[in-house]
Structure formats: C-alpha cells, structure tokens
Amino acid sequence: MKKIILAGTLLLAALVAGAQTKIAPKMQKGMQKTYVTETVTTIAGQKPITMTVETRYTVTDATADGYVLDATVTSVQTDADQNDIMGRTLSLTTSTMKGVRTSMSTDKDGKVTKILNFDDIVRRKGELIDKLLDEIPTTPVLSKEAMREQIAGQITEESILQGMQMGGSPLALNGKTISTGMQDEYLNQQGLKMKRTFTVQKDGSIQAASTINMSPAEMKQMIIAQIEKLMPAQADMIRQNIDAVLASGMLKFKMDGKETYTFQADGWMKSITSEAISDTMGQKTTVKSTVRLKQ
C-alpha cells in the first residue's frame with residue numbers, strides 16, 4: 001500500500017512539473033504582427049464604453065542580445081459620448097494615440113528590456129496632457145500647471161515597461177517559463193501591487209488569476225503618496241486621519257482579474273481574453289477585453 005501511495009505521489013508530482021511552458025516567440029527582422037484590442041469598460045450605473053485599438057508590431061532589427069521591436073498604433077475608435085467628461089477625455093486620448101510608435105529592445109525570448117524612444121513618447125504624452133487640461137474642467141485645488149507636472153511625472157520608462165507586462169499586452173508573458181501554480185507580481189495601471197497565479201491547460205493555453213497583494217501598511221503608504229503628489233496642501237490632514245478613514249472602509253480597494261492566453265505555433269500570442277472587476281470607495285467598475293491576432 002505504501003508503495004502504491006508513493007508511486008501515486010511521484011506520478012502526481014511529475015504531472016504537475018510537466019505542466020509548464022516557455023514563452024519565447026520566434027522573431028526575425030522584417031516580421032510583422034498586428035493585434036486588435038477591444039475593451040469594454042462599465043462603471044456601475046453608466047453606459048458601457050467600447051474602445052478598439054489596432055497595433056502593428058514590427059521586428060526592425062536583430063541584435064547580439066535580442067531584437068528591436070516597434071509597436072505602432074494604426075487605428076483607434078471609441079463609442080464614448082463626447083458630451084460628458086469621460087467621453088471627451090477618451091475621444092481626445094484616441095485622437096492622439098493614433099500613429100504613436102514605441103520602439104523597444106528585447107532579449108532573445110522577446111521580453112522587453114528597454115524603451116528606445118522614450119523622449120519622443122514623453123513629448124507625445126505631453127501634447128495629450130496639454131489638450132486634456134485645455135478642454136477638461138479642473139478642480140480649484142490644483143492648478144493646470146501643477147496637474148500637468150504631476151501627470152507627466154508618472155510617465156517613466158519603468159511604468160511603460162510595466163505596462164508591457166500587464167495582462168492585456170501580447171508581450172506580457174514573453175521570457176517567462178510558466179508552470180501550473182506559479183505566481184508573480186506586477187503593478188497595475190492604478191499603481192496597485194497585484195499577485196498573479198498561473199495555470200497551464202492541456203491544450204497549451206494559459207490562465208491567470210490576479211488579486212491585490214498589499215498589506216494595510218502598504219495600502220496606507222500608497223494612498224498617502226498619491227495625496228502628496230496630487231494634493232500636497234491636504235497631505236498633513238490626510239496623514240493625521242488616514243487610520244480612521246481606512247478603518248471606516250471609505251477607502252476600500254478591491255480588484256480581481258482573470259485572463260486566458262492562447263498561442264500561435266511560432267510562439268506569438270494568438271488571443272487574450274480578460275476581465276477585471278474593481279470596487280474603489282463603493283464604485284464598481286468592470287473592464288472586459290479581447291486581444292486577437294489579425295489574420
């Protein structure tokens with residue numbers, strides 16, 4: 001009986017160990033891949049907003065360490081209502097996104113390691129910020145100049161690299177050897193630290209489940225840091241009352257996500273389906289996204 005149990009345990013361990021895969025898409029100079037991303041954002045009580053973005057990825061060079069990869073936004077569409085603030089913000093954002101090119105270097109496995117045209121990206125983002133602040137009403141707490149400085153300060157090479165590793169990017173898993181039960185951490189677009197757990201399916205697809213992975217102390221530190229950036233005049237008052245506010249549940253943050261990835265025979269991402277549900281201070285938001293390789 002002991003031998004049977006031991007054999008079963010070893011077999012199970014072997015099966016679990018075997019459920020792993022290396023994500024390393026084949027690349028060569030001149031190769032192109034075009035992806036279409038459709039995102040539907042639903043805020044409780046409001047009409048869903050759909051945005052469709054088409055991005056062309058081109059391998060422009062091969063280097064000793066990897067490749068140079070350009071990502072160019074070729075088409076952007078949204079059904080947002082331009083009569084409200086969110087709609088106008090999205091419309092302005094889409095108008096400036098088209099034609100934006102991000103040039104990056106990757107290692108041999110296609111993992112993005114550096115942004116090569118960071119200065120140009122900062123310039124284009126600066127143009128977007130100026131348009132937004134000219135047309136979107138601002139609060140009297142912060143001047144337009146102060147808001148521009150704060151928003152621009154969040155555009156860093158590190159934040160762009162982190163964006164390439166988020167669930168909706170076709171490059172998100174490049175360079176990873178993924179096994180069932182494997183976990184990693186990343187920062188989402190809101191600056192929240194997330195923990196992601198992977199499962200490798202029999203058909204070769206990969207599923208991932210994400211949730212916030214922050215202690216109360218880390219959450220407190222993040223909130224104070226954000227207040228210091230956006231409303232420095234109120235920072236002292238927030239620091240003095242943050243414990244009471246957190247205890248009341250008024251600043252509750254909850255976010256869960258799930259993604260499913262499928263792959264081409266050449267290792268490139270074929271499709272991504274994802275859903276993220278967040279509850280921030282009582283406001284529930286659902287974001288559903290599909291990414292597909294355009295044939």
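Yes/no matrix, rows are residues, columns are (1) farther than 21 Å from Ser289 by Cβ; (2) touching a residue at least 40 places away in the same chain (Cβ under 8 Å):
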position: Pro170; (1), (2): no, yes
position: Ile178; (1), (2): no, yes
position: Gly181; (1), (2): yes, yes
position: Asp184; (1), (2): no, no
position: Asn188; (1), (2): no, yes
position: Lys195; (1), (2): no, no
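Picking from Ala233, Ala209, Ala265, Ala244, which residue would you name as being of a type in the set (A, V, I, L, M, F, W, C) and touching a residue at least 60 places away in the same chain (Cβ under 8 Å)?
Step by step, each of Ala233, Ala209, Ala265, Ala244 is checked, and only Ala233 is of a type in the set (A, V, I, L, M, F, W, C) and touching a residue at least 60 places away in the same chain (Cβ under 8 Å).
Have a look at Arg239, Arg196 and point out the one that is among the basic types (Lys, Arg) and not in a strand (DSSP E or B).
Arg239
Identify, by number, the condition in (1) surrounded by 15 or more Cβ atoms within 10 Å (Cβ to Cβ); (2) under 14 Å from the mean Cα position of the chain (by Cα) that Met214 doesn't meet.
(2)
Would the stretch 91-104 turn up any residue that is modelled with pLDDT of 95 or more and either assigned to a strand (DSSP E or B) or over 18 Å from Lys29 (Cβ atoms) (or both)?
Yes: one or more hits.
Quick test of your reading of the structure: Leu69 fulfils all but one of (1) of a type outside the set (Asp, Glu); (2) modelled with pLDDT of 90 or more; (3) not in a strand (DSSP E or B). Name the failing condition by number.
(3)
Taking into account only those residues within the stretch 157-182 that are within 23 Å of Ser103 (Cβ to Cβ) and hydroxyl-bearing (Ser, Thr, Tyr), which is surrounded by the fewest Cβ atoms within 10 Å (Cβ to Cβ)?
Once the filter is applied, the top-ranked residue is Ser159.
For Val59, state whether it is at pLDDT 80 or above, surrounded by 16 or more Cβ atoms within 10 Å (Cβ to Cβ), closer than 27 Å to Gln162 by Cβ and under 21 Å from the mean Cα position of the chain (by Cα).
no
So which of Glu259, Glu228 is among the acidic types (Asp, Glu) and in contact with a helix residue (DSSP H, G or I) (Cβ under 9 Å, 6 or more places away or on another chain)?
It is Glu228.
Can you tell me which residue within the stretch 79-129, out of those that are without any contact (Cβ under 8 Å) to a residue 24 or more places away in the chain and either over 30 Å from Pro48 (Cβ atoms) or among the acidic types (Asp, Glu) (or both), is surrounded by the fewest Cβ atoms within 10 Å (Cβ to Cβ)?
Asp119
Against the condition surrounded by 14 or more Cβ atoms within 10 Å (Cβ to Cβ), closer than 23 Å to Pro170 by Cα and either touching a His at 6+ places or on another chain (Cβ under 7 Å) or of a type in the set (Lys, Arg) (or both), how does Lys220 come out, does it pass?
So Lys220 does not fit the description; no.
Please enumerate the residues belonging to the stretch 246-295 that are of a type outside the set (Lys, Arg), assigned to a loop (DSSP other than H, G, I, E, B) and either within 26 Å of Gly175 (Cβ to Cβ) or touching a strand residue (DSSP E or B) at 6+ places or on another chain (Cβ under 7 Å) (or both).
Gln264, Ala265, Asp266, Gly267, Trp268, Gln295
Please find, among Ala276, Ala235, the residue that is modelled with pLDDT under 80 and under 23 Å from Lys193 (Cβ atoms).
The match here is Ala235.
The values are calculated or read from the model by the stated rules, or taken from the named source; none is laboratory data. What you see is a predicted model, and the numbers here were worked out from it, not measured in a lab. Here the Cβ is made from the backbone with ideal geometry for all residues, glycine too, and neighbour counts use every protein chain on show.
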